[in-house]
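Presented below is the structure to which this report refers.
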Amino acid sequence: MPTPKPPAFETLSLHAGQHPDPVTRSRAVPIYQTTSYMFDDADHAAGLFNLERAGHIYTRISNPTTAVLEERLAALEEGVGAVCTASGMAAMHLAIATLLGADDHIVASASLYGGSINLLTHTLPRFGVTTSFVKPSDLDGFRAAIGRNTRLIIAETIGNPGLEVLDIPKVADIAHAADDTVVGEIENWQAVFGNKNITVPV
Ligand SMILES: Cc1ncc(COP(=O)(O)O)c(C=O)c1O
């Protein structure tokens, strides 16, 4: 039997991550409005809480509807996984709090959404995380701003408000040359999906 072709981008964007319910045969992804989930018995619950088996425990941690979106985004971006949050600023906070701690440093494009600028300028310094801002086109500026404790580079694919397009591979090369523990967070808020450049790890 010939091997089936891998699903194309268009097919993934409609179907990736969904395993239709065999009982209802619903084509659309159901919206699971639950906070909690049922356990078969104490061993089943223990396995879930110990992360020894896959499944849902509590909706803030994972939910079947959100999981479809996360798996679909990961498939479209050829990533290993995705985490969805309820807002963009929650995503920014989560990424930074996961990756950085006190005394760490960020190099950020100066052309960012205002809420991100406020987070980096006013909120994070209270927790010991500082940021240097660089014009997105200033590659030498990125090189000069990366220091001993830089852990993260933040930029948008298309900057706000000037619509500058970031040269992601060049910025990634600069970060790699400086220190291979520096990672990148690229916000792709107004570019099309499936722009493979945004998956370049910085
Ligand atoms: C580039 C960018 N990042 C983050 C945000 C914040 O997103 P949210 O309003 O969902 O918190 C916005 C909002 O417009 C944005 O444009």
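Here Gly79 fulfils each of the conditions (1) in contact (Cβ under 8 Å) with a residue 24 or more places away in the chain; (2) within 16 Å of the ligand (Cβ to nearest atom); (3) within 13 Å of the chain's Cα centre (by Cα); (4) assigned to a loop (DSSP other than H, G, I, E, B) apart from (2).
Checked against the criterion of being in contact with a Gly (Cβ under 8 Å, 6 or more places away or on another chain) and either in a loop (DSSP other than H, G, I, E, B) or free of Cβ contacts under 8 Å to residues at least 60 places away in the same chain (or both), the candidates Arg27, Arg53, Arg72 yield just one match: Arg53. So which residues in the range 70-104 are surrounded by 19 or more Cβ atoms within 10 Å (Cβ to Cβ) and within 28 Å of Lys135 (Cα to Cα), if there are any at all? Within the range 70-104, Met92, Ile96, Leu100 qualify.
Candidates in the range 176-196 are the residues that are of a type in the set (A, V, I, L, M, F, W, C) and modelled with pLDDT under 65; of these, the one that is nearest to the chain's Cα centre (by Cα) is Trp189.
The values are calculated or read from the model by the stated rules, or taken from the named source; none is laboratory data. Note that the structure is predicted; figures quoted are calculated from it, not measured. Note that each Cβ is placed from the backbone with ideal geometry, even for glycine, and that neighbours are counted across all protein chains shown.
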